[in-house]
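Trainee: Following this message is one structure expressed as structure tokens.
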2 protein chains.
Amino acid sequence: MIGLSRLSLNQATVQYLSVAEAADLCVRHDIEAIGLWRAHVAAAGLAESVAALRSAGLHVSSLCRGGFFTHADPAAGAAAAADNRAAIREAAELGADALILVSGGLVPGSRDLPLARRMIADGIAELVPTAQDAGVRLGIEALHPMFCADRCAVSRLGQALDLALQFPADAVGVVVDTYHVWWDADLAADIARARGRIVSYQLCDWILPLPADVLLGRGHLGDGSIDFAAITAAVDAAGYDGYAEVEIFNTQVWDAPPDETAETVRTRFASLLG
Amino acid sequence: MIGLSRLSLNQATVQYLSVAEAADLCVRHDIEAIGLWRAHVAAAGLAESVAALRSAGLHVSSLCRGGFFTHADPAAGAAAAADNRAAIREAAELGADALILVSGGLVPGSRDLPLARRMIADGIAELVPTAQDAGVRLGIEALHPMFCADRCAVSRLGQALDLALQFPADAVGVVVDTYHVWWDADLAADIARARGRIVSYQLCDWILPLPADVLLGRGHLGDGSIDFAAITAAVDAAGYDGYAEVEIFNTQVWDAPPDETAETVRTRFASLLG
């Protein structure tokens, strides 16, 4: 359904590698695309990162991330907006297919979810002209509801899509991340409804028990509960023809030799999605 | 919006008390109703529990719980069905307003969520005649999506309601548990749609960080992220006129003196819901 030529390795899967090291790893394992994180790009330098990726012949499937629109303090909001504009410029320089947006949770000191969601919509609206000028597509990512309070008040793909549909398709789309949305009974219908709006497809498995830091509880494809064939078929049927990025936050995966991780990523991807 | 006369204390909030001790605690704190757990009732004896509650003049707002419909092994499924019929008889004896159903997660060895959900619907259908004969209402509870794989594949109120609407209203309704559904952008609309089907309203707060055992991460009302006034107003506007049960799984709460816990429960309830 999605062949290995569409595999992308998100840098977060090999957290301890620099941009250049992660690029080399991809080349060694015939992985044609990479998903990058801004902190790693900043550490390497933007121009140096672009050069390393070009010389490796790697496509950038996504840049993580912008967003965090929910601020009580106008100065913090303005700083976040400036940072988001910088992220758009970086995504343009890198030629990334999408800039991933994680929207932010409740406004500090508030329990007003509708307020948080209005601020998110307003924050995205404010970014759209910059994204269009730069030719960058923003990808609204729904995070699992367990992150709603502190990280992302966009909790379902359908909710992300309803937000995206307020804006032009060339500027705003949605991210389908299996870890965050696999449980949703409306997922198949929402993926179908997202035709033309899916700008990133990210993969990792849901494994139990959740670790103390629930950010780090993700597994290699096949180690957990997610039916990747079913979700991938839905994404494919919705016309998505971009890369499928494997992104695994897990200290055990990070501690493994990167070549072993890359090999596992390829093997699992081929057997579960191919 | 909901006065103290509608406060119920779920026994799980004072986990270490017997039925009789929990009943005495409610009487001491002018709490008119209690939510019970089957294991505690079994430990005390069903007839003895009924007698203790009658002599205390306590109403039983819910009995936890039946459900767990997702089995790979037909023998396990039959055993679960028999246990569910026993739970209905117990709920009838106790005069409980509802028997809470936690539906079960993925079928063991399977990643097929639609299969799990069909088994849940079929399992409920099988129980309906028994519930109607006994005059017991079943309450389908949506659990937070972080419990989808291993505990409950019904993850949103709207999903629970779509299930309940397949059956007569006198037999099957839904539980609104703030902890599990607070994050849902469709919550207000789904509560309105649940008019006539809300059979239990349960309360506790979402607090961070999540503990190692995510079952035990719940907080006293007001200690976390949930806007109880907004959700309670929606439940009230949907015509629900039953008890509001405070149910807190948290080892720190369990280790506190029960009278202190009951006092905190009353105070927070009055200030946030009253």
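Trainee: I need the full set of residues from segment A:237-260 which are within 12 Å of A:Cys204 (Cβ to Cβ) and open to solvent by less than 20 Å² (accessible area, probe 1.4 Å), in order please.
Mentor: Within segment A:237-260, A:Ala244, A:Glu245, A:Val246, A:Glu247, A:Ile248, A:Asn250, A:Val253 qualify.
Trainee: Please go through segment B:261-271 and give me each residue that is open to solvent by 40 Å² or more (accessible area, probe 1.4 Å) and under 20 Å from the mean Cα position of the chain (by Cα), ordered by number.
Mentor: Answer for segment B:261-271, where residues must be open to solvent by 40 Å² or more (accessible area, probe 1.4 Å) and under 20 Å from the mean Cα position of the chain (by Cα): B:Arg266, B:Arg268.
Trainee: Okay, next question. Can you say whether A:Ser110 is in contact with a strand residue (DSSP E or B) (Cβ under 6 Å, 6 or more places away or on another chain), within 30 Å of B:Gly222 (Cβ to Cβ) and in contact (Cβ under 8 Å) with a residue 24 or more places away in the chain, as far as the supplied structure shows?
Mentor: no
Trainee: Given (1) under 30 Å from A:Val214 (Cα atoms); (2) open to solvent by 40 Å² or more (accessible area, probe 1.4 Å); (3) touching a residue at least 12 places away in the same chain (Cβ under 8 Å), identify the lone condition not met by B:Asp170.
Mentor: (1)
Trainee: (1) basic (Lys, Arg); (2) more than 14 Å from chain B (Cβ to nearest Cβ); (3) under 29 Å from A:Asp184 (Cα atoms): which one isn't true of A:Arg118, the others all being true?
Mentor: Failing condition for A:Arg118: (2).
Trainee: Hey, another quick one. Starting from residues that are of a type in the set (D, E, K, R) and either in a loop (DSSP other than H, G, I, E, B) or within 17 Å of the chain's Cα centre (by Cα) (or both), keep the ones in segment B:110-121 and report whichever is surrounded by the fewest Cβ atoms within 10 Å (Cβ to Cβ).
Mentor: My answer is B:Asp112.
Trainee: Consider B:Pro145 against the criteria (1) over 26 Å from B:Leu208 (Cα atoms); (2) surrounded by 24 or more Cβ atoms within 10 Å (Cβ to Cβ): it satisfies all of them except one. Which criterion is unmet?
Mentor: (1)
Trainee: Output the helices (runs of 4 or more DSSP H) that fall wholly within segment A:1-109 and possess 2 or more residues being closer than 30 Å to A:Ala229 by Cβ, open to solvent by 10 Å² or more (accessible area, probe 1.4 Å) and among the β-branched types (Val, Ile, Thr), or say none.
Mentor: Correct list: empty, since no element meets the threshold.
Trainee: Could you give me the residue pairs with C-beta distances under 9 Å whose first residue belongs to segment B:64-83 and is farther than 18 Å from B:Val174 by Cβ, whose second residue is hydrophobic (A, V, I, L, M, F, W, C) and surrounded by fewer than 12 Cβ atoms within 10 Å (Cβ to Cβ) wherever it lies, and which are 6+ apart or on separate chains?
Mentor: Taking only residues 6 or more apart or on different chains, the pairs are B:His71/B:Ala78.
Trainee: Go through B:Ala160, B:Ala189 for me and flag whichever is buried (at least 17 other Cβ atoms within 10 Å of the Cβ) and either under 23 Å from B:Ser103 (Cβ atoms) or over 15 Å from the mean Cα position of the chain (by Cα) (or both).
Mentor: B:Ala160
Trainee: Does segment A:210-228 contain any residue that is of a type outside the set (Lys, Arg), at pLDDT below 95 and touching a Lys or Arg at 6+ places or on another chain (Cβ under 9 Å)?
Mentor: Yes, segment A:210-228 has at least one match.
Trainee: Here's another thing I want to ask about it. I'm checking my understanding of the structure. Among residues of segment B:122-142 that are among the hydrophobic types (A, V, I, L, M, F, W, C) and open to solvent by less than 20 Å² (accessible area, probe 1.4 Å), which one is farthest from the other protein chains (Cβ to nearest Cβ)?
Mentor: Here the residue is B:Val136.
Trainee: Something else about it: Report yes if some residue within segment B:66-75 is of a type outside the set (D, E, K, R) and closer than 21 Å to B:Ile198 by Cβ; otherwise report no.
Mentor: Taking every residue of segment B:66-75 in turn, at least one turns out to be of a type outside the set (D, E, K, R) and closer than 21 Å to B:Ile198 by Cβ.
Trainee: Can you find a residue in segment A:213-236 that is touching a strand residue (DSSP E or B) at 6+ places or on another chain (Cβ under 7 Å), of a type outside the set (A, V, I, L, M) and surrounded by fewer than 19 Cβ atoms within 10 Å (Cβ to Cβ)?
Mentor: Checked segment A:213-236: at least one residue is touching a strand residue (DSSP E or B) at 6+ places or on another chain (Cβ under 7 Å), of a type outside the set (A, V, I, L, M) and surrounded by fewer than 19 Cβ atoms within 10 Å (Cβ to Cβ).
The values are calculated or read from the model by the stated rules, or taken from the named source; none is laboratory data. If you're wondering where the values come from, they're calculated on a predicted model, not measured in any experiment. Note that we place each Cβ from the backbone using ideal geometry, even for glycine, and neighbour counts take in every protein chain shown. Accessible surface is based on the protein model in full, side chains and every heavy atom, while ligands, DNA and RNA are left aside. Shrake-Rupley method; radii C 1.70, N 1.55, O 1.52, S 1.80 Å.
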